[in-house]
Amino acid sequence: MSKIDTALTHWKNKASVRHWYPQFIADEKPDYPLELLPAFTTSDLEQFQAQRASIATGLWLNYNWRTIQAEEHIALPAIRFLISQEGIRTSVKRGLMQTATDEQYHTYFHTLAIDDALKRYALAFSPALSVTVKTMQAQLQEEPDPFNRELIIVAYAAVAEVSINAFLETLSRCTTIKESNRALVDQHNRDEAIHSLIFIEATHDLLHTLEPQQASFLNDAIEQARTSFLLHDFSMYETILAAHGVHARFSTTSTSMSRDMRGVDKLLKTLRA
């Protein structure tokens, strides 16, 4: 059985959208593991300790919201483009259609998670786009060629789908957070493990249809996306902590949120071959 056939069968038997629905059961644990915050210094440590639960909820809200934005701005547009390309194998297109269904369901259950968390969050929730989405949008605005703009989105989607599992795996293993939250991330993680395989196959198929100049453009776009996904979005942490009366300075050398880029690097080697 080929990798794509395995993925198609996996979706039928194990995809979250077919077999799982979130349940939000209250417990006394925090919403988000503060130990995953990058290292920081603050003169408001007492206030930070007093506001830990609310800070964790604020981070959980932003995590869910930014996950939704990644699905809507990156994954789903890339899938729509890839499915429209003649060079993509039919079996891979089927896998992409399944992936799109998964991503829309992820958007739904992450929205439910936001609704649940807002019930216990006393502050205003004012999320902002992640540095990755903003970087991609800036590149799209600067690129005049419509096809190249599509390749930029594909590049970001490929990096997202191939590299996301490392952080999801870390978060899904956090027994210090609410069990409902951990279970939700775990289900997302299980789906993404299959999406990685499908996006690698789709990117390979696309590569064979591209002119050399377009292939080179896609290679460069993936490199740029790779760099973008490794950037810490310190503004999110600073904004949430400041809203709780904690003014912090984060270490810019921290790599605690970095993704596993080994799959992306293998993909880049294929593109360069």
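The values are calculated or read from the model by the stated rules, or taken from the named source; none is laboratory data. What you see is a predicted model, and the numbers here were worked out from it, not measured in a lab. Backbone-built Cβ (ideal geometry, glycine too); neighbour counts: all protein chains shown.
Applying a threshold of 9 Å to beta carbon distances and a minimum spacing of six or more residues, or different chains, the list of pairs starting in the range 155-175 at a residue that is under 25 Å from Leu210 (Cβ atoms) and ending at one that is part of a loop (DSSP other than H, G, I, E, B) and of a type in the set (A, V, I, L, M) reads Val159/Met261; Val162/Met261; Ser163/Leu230; Ser163/Met261. Any residue at all in the range 95-114 that is charged (D, E, K, R) and surrounded by fewer than 19 Cβ atoms within 10 Å (Cβ to Cβ)? No, the range 95-114 has no match at all. Residues that are charged (D, E, K, R), within 22 Å of Thr42 (Cα to Cα) and either touching a helix residue (DSSP H, G or I) at 6+ places or on another chain (Cβ under 8 Å) or part of a helix (DSSP H, G or I) (or both) within the range 198-251 comprise Asp233, Glu238, listed in sequence order. Take the conditions at pLDDT below 85 and either buried (at least 19 other Cβ atoms within 10 Å of the Cβ) or closer than 18 Å to Arg89 by Cα (or both) and apply them to Phe234. Does it pass? Taking the combined requirement at face value, the residue does not satisfy it. Within the range 149-191, the set of residues being among the charged types (D, E, K, R) and over 15 Å from Asn219 (Cα atoms) comprises Glu161, Glu169, Arg173, Lys178, Glu179, Arg182, Asp186, Arg190, Asp191.
Restricting to the range 237-248, and then to whatever is under 17 Å from Thr57 (Cα atoms) and surrounded by 15 or more Cβ atoms within 10 Å (Cβ to Cβ), can you tell me which residue is nearest to the chain's Cα centre (by Cα)?
So in the range 237-248, the residues under 17 Å from Thr57 (Cα atoms) come out as 237-246.
With the extra rule that they be surrounded by 15 or more Cβ atoms within 10 Å (Cβ to Cβ), the set shrinks to 237-241, 243-244, 246.
Details: Tyr237: 17, Glu238: 20, Thr239: 20, Ile240: 20, Leu241: 22, Ala243: 25, His244: 26, Val246: 27 Å.
Among those residues, the one meeting the criterion is Tyr237.
All of (1) farther than 24 Å from Phe81 by Cα; (2) at pLDDT below 80; (3) hydrophobic (A, V, I, L, M, F, W, C) hold for Leu271 with one exception: (1). Close Cβ contacts (under 7 Å, 6 or more residues apart or on different chains) running from residues in the range 115-137 that are at pLDDT 90 or above to residues that are surrounded by fewer than 14 Cβ atoms within 10 Å (Cβ to Cβ) comprise Phe125/Leu118. On the given criteria, is Ile4 farther than 23 Å from Arg89 by Cβ, more than 21 Å from the chain's Cα centre (by Cα) and either part of a helix (DSSP H, G or I) or aliphatic (A, V, I, L, M) (or both)? For Ile4, the condition - farther than 23 Å from Arg89 by Cβ, more than 21 Å from the chain's Cα centre (by Cα) and either part of a helix (DSSP H, G or I) or aliphatic (A, V, I, L, M) (or both) - is not met.
Considering Ile222, Ile194, the condition of being among the β-branched types (Val, Ile, Thr) and touching a His at 6+ places or on another chain (Cβ under 7 Å) is satisfied by Ile194 alone. Screening the range 75-97 for residues that are outside any helix (DSSP H, G or I) and in contact with a Leu (Cβ under 7 Å, 6 or more places away or on another chain) and picking the one that is modelled with the lowest pLDDT gives Gly87. Of Asp145, Asp186, Asp220, Asp205, all but one fail to be closer than 30 Å to Phe24 by Cβ and of a type in the set (D, E, K, R); the exception is Asp186.
Per-residue answers, yes or no, for (1) hydrophobic (A, V, I, L, M, F, W, C); (2) part of a loop (DSSP other than H, G, I, E, B):
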residue	(1), (2)
Ala122	yes, yes
Phe125	yes, yes
Lys134	no, no
Gln137	no, no
Pro144	no, yes
Arg149	no, no
Tyr156	no, no
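Once the range 13-58 is narrowed to residues that are among the charged types (D, E, K, R) and free of Cβ contacts under 8 Å to residues at least 24 places away in the same chain, the residue that is farthest from Gly95 (Cα to Cα) is Glu46. At least 3 residues being buried (at least 16 other Cβ atoms within 10 Å of the Cβ) is the threshold, and among the helices (runs of 4 or more DSSP H) wholly inside the range 9-74 those reaching it are 52-70. Within the range 173-197, can you find the residues that are part of a helix (DSSP H, G or I) and more than 24 Å from Leu8 (Cβ to Cβ)? Scanning the range 173-197 gives Glu179, Ser180, Asn181, Arg182, Ala183, Leu184, Val185.
Give the residue, chosen from Ile200, Ile194, Ile152, that is crowded, with 16+ Cβ neighbours inside 10 Å and at pLDDT 90 or above. Outline the logic, then answer.
Working: Ile200 fails: at pLDDT 90 or above; Ile194 fails: at pLDDT 90 or above.
From the options Ile200, Ile194, Ile152, the qualifying one is Ile152.
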